[in-house]
Amino acid sequence: QIVLDTDAALAELDPDYEIHQVKEKMGGLRYYCSIDHLHQAQAIIRNAERRAARTCDDCGTEGATVTTSTTGPTRWWRTLCPACRTEREAKWRS
């Protein structure tokens, strides 16, 4: 929903804007685009990034960014609420 809301706000600002990439990186949202009114667009994107940083990736409720508890060399950052974090940590341990 955060990406859809961001797209709608940016399209209202500049109907001809172009999305280059939308992704999750290190537990946060990254939104790359070409748009007129860059200063206003950056404010919209920063707001979406802040919103995503506190919204659980799994269920959409209030969450926080955490790292995985893997034993290997790779760690992943996710934004999870306490319930989803508990569920995921059980999976990470198995």
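The values are calculated or read from the model by the stated rules, or taken from the named source; none is laboratory data. What you see is a predicted model, and the numbers here were worked out from it, not measured in a lab. Backbone-built Cβ (ideal geometry, glycine too); neighbour counts: all protein chains shown. For accessibility, only protein heavy atoms count, side chains too; no ligands or nucleic acids. Shrake-Rupley method; radii C 1.70, N 1.55, O 1.52, S 1.80 Å.
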If you filter the chain for trypsin sites (Lys or Arg not before Pro), then keep DSSP loop positions with at most 15 other Cβ within 10 Å, what is left?
ARG54, ARG75
Pick from THR55, THR67, THR79 the residue whose mean-square fluctuation is largest in a GNM of the chain, springs joining Cα atoms under 10 Å.
THR67
Ignoring ligands and nucleic acids, HIS39 exposes an accessible area, probe 1.4 Å, in Å² to the nearest 10, of 140
Relative contact order of the chain, please, whole-number percent, based on alpha carbon pairs below 8 angstrom and at least 6 residues apart.
22
Where the accessible area of the chain is counted over protein heavy atoms with a 1.4 Å probe, how much of it, in %, is carbon and sulfur?
51
Regression test value, accessible area per residue of the chain, probe 1.4 Å, units Å², expected 68
In whole Hz and in residue order, list the ³J(HN,Hα) couplings for region 5-11 that follow from phi through the Karplus curve 6.51 cos²θ - 1.76 cosθ + 1.60, θ = phi - 60°; x for Gly and Pro.
5, 5, 4, 5, 5, 5, 5
For the chain, the Cα-Cα pair-distance distribution in 10 Å bins from 0, as whole percents, is 16, 41, 25, 14, 4
The summed charge of the ALA53 Cβ neighbourhood (under 13 Å; Lys/Arg +1, Asp/Glu -1) stands at +3
Name the most mobile residue of ALA64, ALA43, ALA53, meaning the one with the largest mean-square fluctuation, in a Gaussian network model of the chain with Cα contacts below 10 Å.
ALA43
Non-local amide H neighbours of THR55 (under 5 Å, H modeled in plane, Pro and chain starts lacking H): which ones?
GLY63
